[in-house]
Amino acid sequence: MNLILLGPPGAGKGTQAKLLIKQYQIPQISTGDILRGAVKEMTPMGLKAKAYMDAGALVPDGVVIGIIQERLNQADCDKGFILDGFPRTVAQADALAKVLADLGRSIDHVISIVVDKEELLERITGRRTCRNCGKGYHVTFDPPKNAGVCDDCSAELYQRDDDREDTMRKRLEVYEQQTSPLIAYYQRELLLRSIQGVGSIEEIQQKIVSALQG
Ligand code: ADP
Ligand code: ADP
Ligand code: ZN
C-alpha cells in the first residue's frame, strides 16, 4: 500500500504513521525527520535546509524531491510506504507521480487529517520529540511513561525550535498557502479521503484504517 498522510503541522501525521507501520509493516518516510537528521549531522544538505526550517519556510522543492527519489528506490519500500510531510507543494506532488511512474507504481490512498487551528496550536506547543528516533509525544495529550524520555528508545525528548509560537504560526500560514491546494489536487485524482482528526489517537487510527479498507 502506497499511502500519503496530508495535513497541517500538528494534525497527527507522525503519530498516526508510527501506528500504521505496526499495522501494515511498511516504512514511514518523513521528510521532516530526514531533514532534521541532516541538520544534526551537519551534512551539506542539512546546512542548506536549516535556515528555511528555522524560519518556518519550506525547504526548496529540488532538495526534498531528491530525498524522496532516493528513499523510494530503497528495497524496504517495495511493499509500500507511508509518506508523512511530503508532498507539500503541487510541484512536489507532480514530481512524486513521475518518480513512482518510473518505478511502475502509483499512490493508492491520500488521507487528509483535518484539525482546527486552535487545536493545532495547542498540540504543537505541547509537542516533544525524541532526539534519536523522532517519535512525537505531547506533554498533556500523549505523555511518555517517564517524563522527558522516549518510551521506545529511552533517548531524551526535546522541544523543536520551530514548534515555538512565532515559527509555528508562520508554518500554519505556509501550509494554507502552499500545501492546502493538494487537497483539491488529490480530490481530482479521486484518491482523497478526509478524516476529522479530533478525538483520541486510537479513535483517529481506527478511522484511518476504516478509510483504507473502505
Ligand atoms: P504532525 O506530524 O502532523 O505534525 P504529530 O503527530 O507530531 O503531528 O502530532 C502533533 C502533536 O499532537 C504531538 O505532540 C502529538 O503527541 C499530539 N497528538 C497527535 N494526535 C493527537 C490526538 N488525536 N489528540 C491529541 N493530541 C494529539
Ligand atoms: P510538521 O509535521 O510539524 O509540519 P515536519 O517535521 O514535517 O513538521 O517539517 C518540519 C520542517 O521541515 C518544515 O517546516 C519545512 O521547513 C521542512 N520540510 C519538511 N518536509 C518538507 C517538504 N516536503 N517540503 C519542504 N520542506 C519540508
Ligand atoms: Zn525514541
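The accessible area of E41, taken with all protein chains in place and a 1.4 Å probe, comes to roughly 130 Å². Taking M168, M53 and ordering them by how much accessible surface each has at a 1.4 Å probe, largest first, produces M53, M168. In µm²/s, what is D for the chain at 10 °C and 1.306 mPa s, where D = kT/(6 pi eta Rh) by Stokes-Einstein and Rh is the Kirkwood radius from Cα pairs? Translational diffusion coefficient: 91 µm²/s.
Residue ranking by accessible heavy-atom surface, 1.4 Å probe, largest first, among R127, R193 comes out as R193, R127.
For the cross-link pairs K22/K79; K48/K98; K22/K98; K40/K98, the ones whose C-alpha atoms lie over 21 Å apart are K48/K98; K22/K98; K40/K98. Peptide packing for 103-116, 136-149 was compared via the average number of neighbouring C-beta atoms within 10 Å per residue; ordered from the highest value, the list is 103-116, 136-149. When T15, T31 are compared by accessible area at a 1.4 angstrom probe, the order from most to least is T15, T31.
Please report the carbon-and-sulfur percent of the accessible area for the chain; probe 1.4 Å, protein heavy atoms only, DNA, RNA and ligands left out. Walk me through the intermediate numbers first.
On the way: 5430 of 10780 Å².
Ligands and nucleic acids excluded, carbon and sulfur give 50 percent.
So, in Å, what gap is there between the alpha-carbon centers of the stretch 1-77 and the stretch 138-214? Centre-to-centre (Cα) distance: 13 Å. Taking every C-alpha pair closer than 8 Å and separated by at least 6 residues, the mean separation divided by the residue count of the stretch 10-118 gives a relative contact order of 33 percent.
Which length gain, in nm to one decimal place, applies between D61 and Q177 when the Cα-Cα distance is subtracted from 0.36 nm times their residue separation? List each step's numbers first, then the result.
Numbers: separation 116, 0.36 × 116 = 41.76 nm, distance 1.50 nm.
Contour length minus Cα-Cα distance gives 40.3 nm.
Taking label points 7 Å from Cα along the Cα-to-Cβ direction, E41 and A155 give a separation of 1.2 nm.
Entry comment: accessible area of the chain is 50 Å² per residue, from protein heavy atoms only and a probe of 1.4 Å. Site pair D116 and A75 shows an inter-label distance of 5.0 nm when each label is modelled 7 Å from Cα along Cα→Cβ. Extension gain for K22-T140 works out to 40.1 nm (0.36 nm per residue, less the C-alpha to C-alpha distance).
As a check on your grasp of the helix formula, calculate [θ] at 222 nm for the chain: sum -39500 (n - 2.57) over DSSP H runs of n ≥ 4, divide by the residue count, round to the nearest 500.
Only helices count here, giving -14000 deg cm²/dmol.
The values are calculated or read from the model by the stated rules, or taken from the named source; none is laboratory data. Because the structure is predicted, anything quoted here is derived from the model rather than measured. So basically every Cβ, Gly included, is an ideal-geometry build from the backbone, and we count neighbours across all protein chains shown. Calculation scope for accessible area: heavy atoms of the full protein, side chains included, ligands and nucleic acids excluded. Shrake-Rupley method; radii C 1.70, N 1.55, O 1.52, S 1.80 Å.
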